[in-house]
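Chemist: After the structure tokens below, expect a handful of questions from me.
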Amino acid sequence: MIRTLRYTFLFLLPFFLGGCDKLWVGEQPAEDPRAVFEAFWTEIEEKYSYLDYKNLNWNQVYQTYSPMIRPGMDDTELFRVLEAMMNELKDGHANLFTPFTYSTYRPLFLSRPTNFDARLILERYLLRDSLSFFTTGPIQHTVLDTLGKRIGLMTYRDFTQTPSEAQLDFVMDRMRPCDGVILDVRGNGGGLLSNARSLAGRFTDEGRKSHYHRMKTGRGPDQFSRLEAVFTEPTGDEEHRFTGPVVLLQNRGSYSATSFLALHMRALPQVRLMGDTTGGGLGIPHGATLPNGWNYRFSVGQALSAERDSSGAYWNWENGVPPHIAVDLDPVQATQGFDSMIERAMIELLNP
Amino acid sequence: MKPCHISAQLAAFLQNSVRSSIVTLFTLCLMRVPAQAQSFDISLKKTELQKKGANHHLIGGWGLGVAAYRERITSPRIYRGLQAELGAAYERQGQKSIASYDSWMGMGGFTDEAEGWNANFSGAFWLRSHLAYMFRLPMPEGRWSLHAGPSGQFYSMLRLQPTHGNASATHDFSMNGGLRARIEYALPSRSGETKRWFIFRIRESHLRYIRLGWEVDLGLLGLQSRPPYTGVPNVGGANAVAGALNEWVDHLRLAGLGQFTYLNNQLYIRYPLRNGNSLRVGLNSMGYRWSLRDQPVAVWIQTLNMGYQFRLDNHKDLR
């Protein structure tokens, strides 16, 4: 009997060993406001990639916002505190998502002129010759006959939309005979990086170093992966590329993947960036969850210039890619039906 | 009732059902042992298995169960859910050793059980395989057998959570060397079979063995891969595939017991059929934990699996 009991115990042992999931994964974390705040602050301290670059004293930020946390505060109150703390990063890629709202750093765009009027572009340029106007996937394009020269105008407003190779071929076929091309990405808030790369590759026949990229790899402020050189590589067939003069129109709303497009285009000698500095957003964001189930994201990567400055350091593009030619949209001309940025781009292309 | 609570309750119900049913079945089997043991003078030392040489088995099966994981790179919360598995195994049973290989692939749906509308959902896929060569160890009693020996273990898991953007897919694997031990009890069972003789049908009794076993795999040393520190491969690089590969290599580590824990244990019953094949029911629990602070992960998977074990050899007289 004792032997039977002994063996029975032996056989039941695995149930106790294996059946206890808490033994392996532990308990759910505390969800109170204090626990959520501490976890959020710590995650940013350990993983955000621009604390040093932005000269942020994150401990000081803790001193500012920690006293605002009190037991029993409701979700909206907690959200407002966390939102304010996150906005100290001044980063469009820093967002806190809850079921009832989400946060974003709006001064990034609102502190500068819009420099963009979609209706003006559609009415006065794209539809100037309706027979020449096409909407090919996410790209709207036309060819403008200006003083006997052919200027291609392409607009791409959303990099979350991906054109097929055949669609890109069609667009580039129409651009190829042009004397110059205006690529208008104002207001393009980003999306898939691959779309920016494949588009930039349609404007070069050889690979050119565009920038360096690296990711956060540890808790220390200097712990990053090795620098990886990024090139603007040709895409598509040779007969479906345009290597003539190009003006890229950008504004502060050109963000994230669109800033990467600006970097890729900037590496090409026949390309001029025009307009305002892009919104930046060159730190690849990661996503994660807080102890109470809310989601958030912030930058964990860095894009650095291909060249070094006089001190031997790389430029950091987080605050945006500056234009070669700074131009704002003239509101007076806009009321007269002219987009001063497109007009300036045409002058640049007609008088290289 | 909210979906996450339903899922959690279903998981708990299934877990409790599995546990209680197996324990009950096992207890019933134990209660029958003395009576049947008196009917047959058996000893594993004298079984036909030892006389005939090696047996080869091929096992196919499926399983249902519960799983839980915690991936701190993307969330401090524990995800729990239901899961299903498919698997195959091969086993060569010799007189003094057992060589075996098994591989199970599974998938599951999970929730982090956060309160109300804060709950998040995810999906996961995994593969776990074991390769072992065990030697028969001496046991005092004939109906018990104990095997132990070196084993290789492979575990890999891919977790998907669309709300995490660039970190929506995190992946890790563990390739270990370790030990496996198996203790098995052969429960004698009378089995009836009728044969035609002239115009009569004659019932013949055969001695069969219901086998109850417990098998444990423990990882001792292994190559462990972890997702990047932020859960995001270097997608900003020109070649995302090469970047991801570099990241993966960067996060590959050789680790020993203590830095990680891998434990797979299975309690099973193998019931012989008339045709020489067997039915196999097992309760498998796998736990994996990578303990270093930067990128901890913990996974626990428990499955009630059912399999059909084919005899590949021609020792049809062996029951």
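Chemist: In the range A:81-173, which chymotrypsin sites (Phe, Trp or Tyr not before Pro) fall in coil by DSSP and have 13 or fewer other Cβ atoms within 10 Å?
Modeler: In loop regions of the range A:81-173 (DSSP not H, G, I, E or B), the sparsely surrounded chymotrypsin sites (Phe, Trp or Tyr not before Pro) are A:100.
Chemist: So for A:339, A:222, fewest C-beta neighbours within 10 Å to most, what's the order?
Modeler: On the way: A:339 23, A:222 7.
Final ranking by Cβ density, sparse to dense: A:222, A:339.
Chemist: May I pose another question? What FRET efficiency do you get for residue A:135 and residue A:223 if R0 is 41 Å and r is their Cβ-Cβ distance, rounded to the nearest 0.05?
Modeler: On the way: r = 46 Å, r/R0 = 1.12.
Efficiency at R0 = 41 Å is approximately 0.35.
Chemist: Any chance you could tell me what percent of the C-alpha pair distances in chain A go past 28 Å?
Modeler: Of the Cα pairs, 52 percent sit more than 28 Å apart.
Chemist: Please give the FRET efficiency for residue A:335 paired with residue A:74, using the beta carbon to beta carbon distance and R0 = 60 Å, rounded to the nearest 0.05.
Modeler: 0.80
Chemist: Using 0.36 nm times the number of residues separating residue A:315 and residue A:160, minus their current alpha carbon distance, what extension gain do you get?
Modeler: Computed gain between residue A:315 and residue A:160 is 53.1 nm.
Chemist: Kindly provide the GluC sites (Glu not before Pro) of the range B:69-147 that DSSP labels as loop, not H, G, I, E or B, and whose Cβ sees at most 13 other Cβ atoms within 10 Å.
Modeler: Filter output for the range B:69-147: B:115, B:141.
Chemist: Now a separate question. Among B:209, B:271, what is the fewest-to-most ranking by other Cβ atoms within 10 Å?
Modeler: Fewest-to-most ranking of B:209, B:271: B:271, B:209.
Chemist: Counting only the backbone N, which residues of the range A:234-271 are under 19 Å from the spot 7 Å out from the Cα of residue A:106 toward its beta-carbon?
Modeler: A:252-255
Chemist: Rank these for me by crowding, B:303, A:98, A:136, going from fewest to most other beta carbons within 10 Å.
Modeler: A:136, A:98, B:303
Chemist: Scan the range B:82-144 for trypsin sites (Lys or Arg not before Pro) in coil per DSSP, keeping those whose Cβ has at most 11 other Cβ atoms within 10 Å, and list them by number.
Modeler: When the trypsin sites (Lys or Arg not before Pro) of the range B:82-144 are filtered for loop state and at most 11 Cβ neighbours within 10 Å, B:96 remain.
Chemist: Work out the length of the dipole vector of chain A about its Cα centre, built from +1 on the beta-carbon of each Lys and Arg and -1 on the beta-carbon of each Asp and Glu, and round it to the nearest 20 debye.
Modeler: 500 debye
Throughout, read-outs are computed from the coordinates displayed, never taken from laboratory work. These numbers were taken from a predicted model, which means no experiment stands behind them. For neighbour counting, all protein chains shown are included, and Cβ atoms are generated from backbone atoms with ideal geometry for every residue, glycine included.
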